[in-house]
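**Student:** Take a look at the following structure, please.
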Ligand SMILES: *Cc1c(COP(=O)(O)O)cnc(C)c1O
């Protein structure tokens, strides 16, 4: 019997439709066991041995993420950072990495301060400039290109097809932090990436109540096996309770992302003409440098993240952030509640982030309320 061709939206709404065998429960139980019974003949035919590597609830979340990314396999981790670092630690000493100048700051910090002690060398480039990426290649030594699109906090867009072509020509892998695009708007594997990473803390879970990370892969190969061993050795697997919450969050991913995209676009259009705003950074605006590529690469929306540069500089930006009421003044992104943050304050002195920039994570609230609240905060300068 051929399986009906349900859309991804339908499959994810039902968490792939798994029903618990004995109880017929529509929501499968949370598997908390750390150990599993051997078969009478000393085998482990269930495939499960011990909880540091094996957990059924984590596997259910992984099945959903692999479906969303059209990947061969996926792994969930205790955080987005641990997922990303597991990729870098699967490289060998002496390997060279190319990473973007504009990227998630904590990961840039790890590459700058800690990667060298593992024998890894990183060159930071403008990832939206393919000639710069090509020029940074060290033939035979560059083993990984790391991209992020749209990239924190200017939302610069990487031409994934272009970078994948460069990686492939030089025998390097392409890994993409696709946290802000979500699998609904961009599927990096479709554009030639080898590995996709998500801070599942953000849109995948969507409720600011779970720290989680995920990787999805084009091929189950030696590199993927090394990532799997890293995860098991360091106990990086996501716990079963968190995996359950992540599954529950992902069931509404399509509704949340759709609402966030609509709100972000509407806010970007309105603030682009605001007297207290110097510039709006949002890939959905025709004025954004990455707009043409984003249009080709992102389906159904340009994401829920945007930034505004405030007239009057850093002081005016921080003052505006202190006056909002509906927007919540906090770091992080991708939740149902809208967040606002003076980004340079958290990124520290070596950030490429403009000092007058406020990063906005559009939630699912009424867009009129969101506009009014921030408009008032900007005008009462
Ligand atoms: C939050 C974030 C991360 C890190 O994820 P954690 O779950 O906080 O470790 C990585 N990349 C991007 C783009 C993020 O927003």
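No lab work stands behind these numbers, since they all come straight from the coordinates. Computed from a predicted model, the values in this text were never measured in an experiment. Neighbour counts run over all protein chains shown; Cβ positions are idealised from the backbone, glycine included.
**Student:** Under the Kirkwood approximation for Rh and a Cα-based Rg, what ratio Rg/Rh is obtained for the range 43-144?
**Tutor:** The Rg/Rh ratio comes out at 1.07.
**Student:** Given a cut-off of under 8 Å on Cα pairs at least six residues apart, what relative contact order in percent is computed for the chain? Could the numbers behind the result be given before it?
**Tutor:** On the way: 781 pairs, mean separation 62.9, N = 381.
Relative contact order of the chain: 16 percent.
**Student:** Once you place label points 7 Å from the Cα toward the Cβ at residue 27 and residue 207, how far apart are they in nm?
**Tutor:** Using points 7 Å along Cα→Cβ, the separation is 0.8 nm.
**Student:** Also: Using mean Cβ contacts within 10 Å as the protection proxy, how do 317-324, 354-361, 332-339, 153-160 order, highest first?
**Tutor:** Details: 317-324: 19.1, 354-361: 23.6, 332-339: 21.2, 153-160: 26.6.
Answer by packing, highest mean first, reads 153-160, 354-361, 332-339, 317-324.
**Student:** Run the quick spin-label model on residue 292 and residue 5: label points 7 Å from Cα toward the beta carbon, then report their separation in nm to one decimal.
**Tutor:** About 3.3 nm separates the two model spin labels.
**Student:** Here's a follow-up. How do 72-84, 233-245 rank on mean C-beta neighbours within 10 Å, highest first? Let's see the in-between values first.
**Tutor:** On the way: 72-84: 22.2, 233-245: 19.5.
Ranked from most to least packed, the peptides come out as 72-84, 233-245.
**Student:** Further question on the same structure: Would you kindly calculate the mean projected area, averaged across all directions, of the convex hull enclosing the Cα atoms of the range 254-380, in square nanometres? Show your work: numbers first, answer last.
**Tutor:** Details: hull surface 29.5 nm².
If you wrap the Cα atoms of the range 254-380 in a convex hull and average its projections, you get 7.4 nm².
**Student:** Then there's this: Taking 0.36 nm per residue of sequence separation and subtracting the Cα-Cα distance, how much length would be gained by fully extending the chain between residue 219 and residue 325, in nm to one decimal?
**Tutor:** Here the segment from residue 219 to residue 325 would lengthen by 33.5 nm.
**Student:** To continue, here is another question. Using a Gaussian network model of the chain with C-alpha springs under 10 Å, which one of 221, 114, 39 is most mobile by mean-square fluctuation?
**Tutor:** Checking each option, the largest mean-square fluctuation is seen for 39.
**Student:** Now, a different point. Nearest 10 degrees is fine. How inclined is helix 222-234 to the longest principal axis of the chain, computing both from alpha carbons?
**Tutor:** Once rounded, the angle reads 90 degrees.
**Student:** Using 1/(1 + (r/R0)^6) with R0 = 41 angstrom and r between the beta carbons of residue 129 and residue 42, what's the FRET efficiency to the nearest 0.05?
**Tutor:** 0.10
**Student:** Once the Cα atoms of helix 160-169 and of the chain are each reduced to a long axis, what angle between those two axes, in degrees from 0 to 90 to the nearest 10, is obtained?
**Tutor:** 50 degrees
**Student:** Less than 12 Å from a label point 7 Å out along the Cα-to-Cβ axis of residue 114: which backbone N atoms in the range 183-212 qualify, by residue?
**Tutor:** What the label zone holds, given the 12 Å backbone N cut-off, is no residue at all.
**Student:** Relative contact order, percent, of the range 14-121 when contacts are C-alpha pairs under 8 Å separated by at least 6 residues? If you can, show how the numbers build up before the last one.
**Tutor:** Working: 76 pairs, mean separation 17.7, N = 108.
Relative contact order comes out at 16 percent.
**Student:** Okay, next question. Could you work out the relative contact order of the range 58-176? I mean the mean sequence separation of Cα pairs under 8 Å and 6+ apart, divided by the number of residues, in percent. Walk me through the numbers before you get to the answer.
**Tutor:** Numbers: 165 pairs, mean separation 27.6, N = 119.
Contact order relative to length: 23 percent.
**Student:** Test of understanding: express the Cα radius of gyration of the chain as a ratio to 2.2 N^0.38 Å, with N the residue count.
**Tutor:** Numbers: Rg = 21.2 Å, N = 381, 2.2 N^0.38 = 21.0 Å.
The chain yields a ratio of 1.01.
**Student:** Something else: Which order do peptides 295-302, 211-218, 255-262 fall in by mean Cβ count within 10 Å, highest first?
**Tutor:** Values: 295-302: 17.9, 211-218: 25.1, 255-262: 20.0.
The most tightly packed comes first, giving 211-218, 255-262, 295-302.
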